[in-house]
1. Can you tell which of 225, 212 is part of a helix (DSSP H, G or I), modelled with pLDDT of 80 or more and either surrounded by 10 or more Cβ atoms within 10 Å (Cβ to Cβ) or not small (Gly, Ala, Ser) (or both)?
2. Can you tell me which residues in segment 158-200 are touching a residue at least 12 places away in the same chain (Cβ under 8 Å), among the hydrophobic types (A, V, I, L, M, F, W, C) and not in a loop (DSSP other than H, G, I, E, B)?
3. Among (1) touching a residue at least 40 places away in the same chain (Cβ under 8 Å); (2) assigned to a strand (DSSP E or B); (3) within 27 Å of residue 77 (Cβ to Cβ), there is one condition residue 115 misses while meeting the rest; what is its number?
4. Check off (1) surrounded by fewer than 20 Cβ atoms within 10 Å (Cβ to Cβ); (2) free of Cβ contacts under 8 Å to residues at least 60 places away in the same chain for residue 91 and give me the number that stays unchecked.
5. Pull up segment 145-176, narrow it to residues that are buried (at least 20 other Cβ atoms within 10 Å of the Cβ) and of a type in the set (Ser, Thr, Tyr), then point me to the one that is nearest to residue 119 (Cα to Cα).
6. State whether one or more residues within segment 56-77 are touching a residue at least 40 places away in the same chain (Cβ under 8 Å), part of a helix (DSSP H, G or I), of a type outside the set (S, T, N, Q) and within 26 Å of residue 170 (Cβ to Cβ).
7. Only one of these is modelled with pLDDT under 95, more than 16 Å from the chain's Cα centre (by Cα), closer than 16 Å to residue 100 by Cβ and not hydrophobic (A, V, I, L, M, F, W, C): 122, 169, 134, 164. Name it.
8. Which pairs do you get when a residue that is in contact (Cβ under 8 Å) with a residue 60 or more places away in the chain and surrounded by 15 or more Cβ atoms within 10 Å (Cβ to Cβ), found in segment 125-144, comes within reach of a residue that is part of a loop (DSSP other than H, G, I, E, B) and of a type in the set (Gly, Ala, Ser), reach meaning Cβ atoms under 9 angstrom, with the pair 6+ apart or on two chains?
Amino acid sequence: MSVEWTVLFRDTYFHLGVHNPRPSQAPATMERLAAFTDSPSPRLLPLLPLLVGELACQPSLLLVLNHPFWDQPLIGEGSHEAHLEEFLLLLRPWIHALEINGLRSRSENRLTVLLSRRNGIPLVSGGDRHGREPTATLNLTNARGFGEFAAEVRSGKSHVVLMPQYRRPLWLRIAESVADIVADAPDHVHGWTSWTQRVFRECDDGVIRTVAEMADEETQPILQALEAVLGRLGSLRMPRALEWAVPQTGEQV
């Protein structure tokens, strides 16, 4: 089991990958993580090291700071990075790895590599792929289970490999992923052939509906045009580079 936990911090937020919690403690752990996220308050910040420290005490658990330089709330790179330094200063003893993200830019990943070297935190692979995009980053290991793998990373042994698509333009890979999402799926297990049957939204009345259920005569042509444009983008293909590995120093990222 794993979860990406959104941690509200100052006027930004960070994501911690919590991997392999004890099954017997997972429900209670999720409740505590959700409660912290749902009640943002500067008064709760002193509790954050206690909560993260309790998690990290589980020997088979892996705690990863995901895409640390992604300024998702758009507060400005300088402000976000200042908060990141404070966040790491507060939680450094319990963060086991930093993520090299297969769907973030190479420049952002280079900053993560430098952060890893400055703080002595291993790098580990991660994806953020929400479609059929193959994972662009992998970890190589001889571990026989996730517990052994977590122990390897926690001891500083992490071997990250970048797959061929990592060298391809990121915008094109994202466009291809979106094109895959809107493509017909004739073999869908529930018979949801069209993407409009597979995308859901909670409406103002609290009812969850598909895009198909919400579509009307006015929106149907817009949806069809969107499908055509995204499908065209997804048909663009570029030559794939040879697979290559990246050492922990990360000069090639």
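1. Residue meeting the stated conditions: 212.
2. Result: 160, 161, 162, 170, 172, 174, 175, 178, 179, 181, 182, 195.
3. Tallying (1) touching a residue at least 40 places away in the same chain (Cβ under 8 Å); (2) assigned to a strand (DSSP E or B); (3) within 27 Å of residue 77 (Cβ to Cβ), residue 115 fails exactly one: (2).
4. (1)
5. Residue satisfying both the conditions and the ranking: 158.
6. no
7. So the residue among 122, 169, 134, 164 that is modelled with pLDDT under 95, more than 16 Å from the chain's Cα centre (by Cα), closer than 16 Å to residue 100 by Cβ and not hydrophobic (A, V, I, L, M, F, W, C) is 164.
8. Final answer for the pair search is 126/102; 128/102.
The values are calculated or read from the model by the stated rules, or taken from the named source; none is laboratory data. All values reported here derive from a predicted model rather than from experimental measurement. So basically every Cβ, Gly included, is an ideal-geometry build from the backbone, and we count neighbours across all protein chains shown.
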